[in-house]
Amino acid sequence: MTVNESDPLKAPLSVLRGVGPKLLGRLNELGLSQVEDVLYHFPLRYQDRTRVTPIGSLQDGVEAVVRGSVRLASIVPGRRPTLVAKIEDSTGLLTLRFFHFRRAQAQQMKPGTPITLFGQARRSGTGLDMVHPEYRLDTTDAGLEQALTPIYPTVEGLGQGLWRKLTEQALTILSQNDPEDMLEGVAESPFALSEAIRYLHRPPPDAPVSQIRAWQHPAQLRLALEELVAHHLSLQTLRAREKACHATAISGNGTIAQGFLQSLPFEPTRAQERVIGEITQDMGQPSPMLRLIQGDVGSGKTFVAAMACIRAIESGQQVALMAPTELLAEQHLQTFRQWLAPWNIGIAWLSGKVKGRARDAVLREISEGAVALVIGTHALFQEGVEFASLALVIVDEQHRFGVHQRLALTEKAPGEALPHQLVLTATPIPRTLSMIAYADLDCSVIDELPPGRTPIQTTLIDSHRRDEVIQRVGAACAGGRQAYWVCTLIEASDKLDAQAAEATAALLREQLPALSIGLIHGRLSGAEKESVMAAFKSGAVQLLVATTVIEVGVDVPNASLMIIENPERLGLAQLHQLRGRVGRGAIASHCLLLYQTPLSQQGRERLEVMRRSNDGFYIAEQDLRFRGPGELLGTRQTGLTSFRVAQLPEHDSLLDDVVTTAERLLKDHPLRCALLIERWTGERQAFARV
Ligand code: ADP
Ligand code: MG
């Protein structure tokens, strides 16, 4: 990558006025180090302070400037006194509410006083409200702006004024140093790169507000396209480099596979067979398989993974199977031990909790090739783990890991060869997003559930009826059913989660003394978790109180009832995962979502999606609509933070252009690709080792 030392856009941020060592440190923490980075720090949204909106035309949830006069203002007494003022203009009446105020404020708001205010209007039962608007007691034009006001994403201590000053200076430098326009001659746009950047930071006075709000302005589309192309290219490049590596072609000889299939109590579904066929085809090649298996919860991905695993083992190769939680990894360990028992295959276990001499012994077995299969957590790709002949890496619940973690594991193969890679995910990524997030992988879909499953019935219940629910659970368990009771907290901390679950378990034990109630959370030791899960599997425990540690992968087919407390706090994809712990057997299953009131309009809509649908793809799409891609992909782990300009699903319609533009760039301007990737993905590229 060429870095032009003399390019002022690449100069360190300390060249900007007002950026001293302390601020520089904070900006660096946010990932901004060059002048150019400030230019790519785009406003999150815009405020329209350019014009006055008549009260009668205020829209729910929209910020606006209002001018009128005070009709009356008074302090409503109570535990928390509130200043309430009624403002009128010729078109209507608006209520202002202040929970923090000075007495003088109330006194100044005499009836008839002119007032100009800016805030977000909310429709309430009685009419229109604004809570804590900015205001001034005059109706001059002084408060009106010429253009839309950009609002930048920021962190505590760095105000909007600072971002405006920084971007102002960076824009000046930009105007004297036009950067290379990588899309020139490749994609059509009325905006050149630098014009588009300027437009987004400083929309002109006549900018079409509603188009900008909908993310559909040509300047936004221009930059979003470039950004998505960069991400797509970054993964495509990674893929091309991996595919160019050598891998051990694995054909398998069927010696284990045949007996294994006969030993199973079920027949593979057609979808499973098709996907296994695709994997077999891939693994037979001397270049690495890069395959993602998407399958809804309960579609039987573990069996598909086992078939791939067996094929490699038959060929005398080693396999690593990595899961995101210890609980799930342990469950895989048990499943594979049981499935592979007749063939005397060496299986090793490695998690962060395996330490000291035990760890040394496991590492030796792995490096000497004494074990064919290694199952574990993140610990698998840490320092010191060396394989004798690793030829297949399987990553379960891939969305919990990042690209870089998968790559770290592939480095474990000896010599020049790369292992084949199979990643499994139950969080179905809508097609649009997967084109960006998983452009480096071939994708197979298990689009069929094993036969005999009855869809889970989901019911929404107000938490005021908790006692009633407890009695229903008691009766169901007494009647032979097994149930999960899931406790959730906003701030997921192992400690607080565990405390909440403990308290709930104590309460349930008190109210349902006849039941055998188990408890599982992240603070238990591996052995403790294992024994609780074993007791639940065997039916000795009837009701299992759990934190979200059971979210992924846990498979107890006899459990048919799940209660989720505070479901409104979780994402839909996560709720779907959790709910997928039931409905795995032939028994009709139920899920009760015990929500807290009051529930916002959007909160209710989201839970309604859960009630109406059992389709992971549909639910993921809705989740994307409600919360954006970062949440769905588990932003922190994937490194794919929310985009800087691009919005999904708003920019879905760009995705075909993304693919063709990327193809054209690769073909006609290969040198631009690296620069584009660096410009937009920065650090992510550092992860691309191969
Ligand atoms: P997931 O895709 O969510 O990881 P699992 O692999 O845990 O699902 O499978 C869910 C359950 O379905 C397991 O108990 C598994 O043994 C069972 N199963 C898998 N494939 C089939 C099949 N073809 N027929 C019946 N049951 C199956
Ligand atoms: Mg699974």
Exercise. Which one of S175, S210, S194, S189 is among the polar types (S, T, N, Q), surrounded by 13 or more Cβ atoms within 10 Å (Cβ to Cβ) and not in a loop (DSSP other than H, G, I, E, B)?
Worked result: S194
Exercise. When region 524-549 is examined, which residues are found to be of a type in the set (A, V, I, L, M), part of a helix (DSSP H, G or I) and either within 16 Å of ligand 2 (Cβ to nearest atom) or within 26 Å of the chain's Cα centre (by Cα) (or both)?
Worked result: M533, V549
For this session: Would you check if I375 is within 16 Å of ligand 2 (Cβ to nearest atom), in a strand (DSSP E or B), open to solvent by less than 30 Å² (accessible area, probe 1.4 Å) and at pLDDT below 95?
Result: no
For this session: Count, please, the residues in region 281-297 that happen to be within 16 Å of ligand 2 (Cβ to nearest atom), hydrophobic (A, V, I, L, M, F, W, C) and either in a strand (DSSP E or B) or closer than 18 Å to M307 by Cβ (or both).
Result: 2
For this session: Those residues that are within 16 Å of ligand 1 (Cβ to nearest atom) and either among the basic types (K, R) or part of a helix (DSSP H, G or I) (or both), I need them from region 550-572; list them, please.
Result: I550
Exercise. Of the residues that make up region 345-352, is at least one touching a helix residue (DSSP H, G or I) at 6+ places or on another chain (Cβ under 8 Å), within 14 Å of ligand 1 (Cβ to nearest atom) and open to solvent by less than 30 Å² (accessible area, probe 1.4 Å)?
Worked result: no
Exercise. What is the number of the single condition among (1) more than 13 Å from ligand 1 (Cβ to nearest atom); (2) open to solvent by 10 Å² or more (accessible area, probe 1.4 Å); (3) of a type outside the set (F, W, Y) that T335 does not meet?
Worked result: (1)
Exercise. Taking the condition within 23 Å of P567 (Cα to Cα) and assigned to a helix (DSSP H, G or I), does L508 pass?
Worked result: yes
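Criterion first (open to solvent by less than 40 Å² (accessible area, probe 1.4 Å), free of Cβ contacts under 8 Å to residues at least 40 places away in the same chain and under 26 Å from the mean Cα position of the chain (by Cα)) does R291 satisfy it?
No; evaluated as a whole, the condition is false for this residue.
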Exercise. Does V582 fit the bill of being within 15 Å of ligand 1 (Cβ to nearest atom) and in contact with a Lys or Arg (Cβ under 6 Å, 6 or more places away or on another chain)?
Worked result: no
Problem set entry | Criterion (buried (at least 17 other Cβ atoms within 10 Å of the Cβ) and not basic (K, R)) met by exactly one of L144, L158, L94 | L94
For this session: Could you please let me know if V304 is open to solvent by less than 10 Å² (accessible area, probe 1.4 Å), in contact with a strand residue (DSSP E or B) (Cβ under 9 Å, 6 or more places away or on another chain) and away from ligand 2 (no atom under 14 Å from the Cβ)?
Result: no
Exercise. Can you tell me which residue in region 280-305 is nearest to A391 (Cα to Cα), limited to those that are within 15 Å of ligand 1 (Cβ to nearest atom) and among the hydrophobic types (A, V, I, L, M, F, W, C)?
Worked result: A305
Problem set entry | Selection from region 593-616 of residues that are closer than 19 Å to W485 by Cβ and open to solvent by less than 10 Å² (accessible area, probe 1.4 Å) | L593, L594, L607, M610
Exercise. From L655, L624, which residue is surrounded by 22 or more Cβ atoms within 10 Å (Cβ to Cβ), assigned to a helix (DSSP H, G or I) and modelled with pLDDT under 90?
Worked result: L624
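The values are calculated or read from the model by the stated rules, or taken from the named source; none is laboratory data. Nothing here was measured: the structure is a model prediction, and the numbers come from that model. Virtual Cβ from ideal backbone geometry, glycine too; neighbours counted across all protein chains shown. The area values use the complete protein model at the heavy-atom level, side chains included, leaving out ligands, DNA and RNA. Shrake-Rupley method; radii C 1.70, N 1.55, O 1.52, S 1.80 Å.
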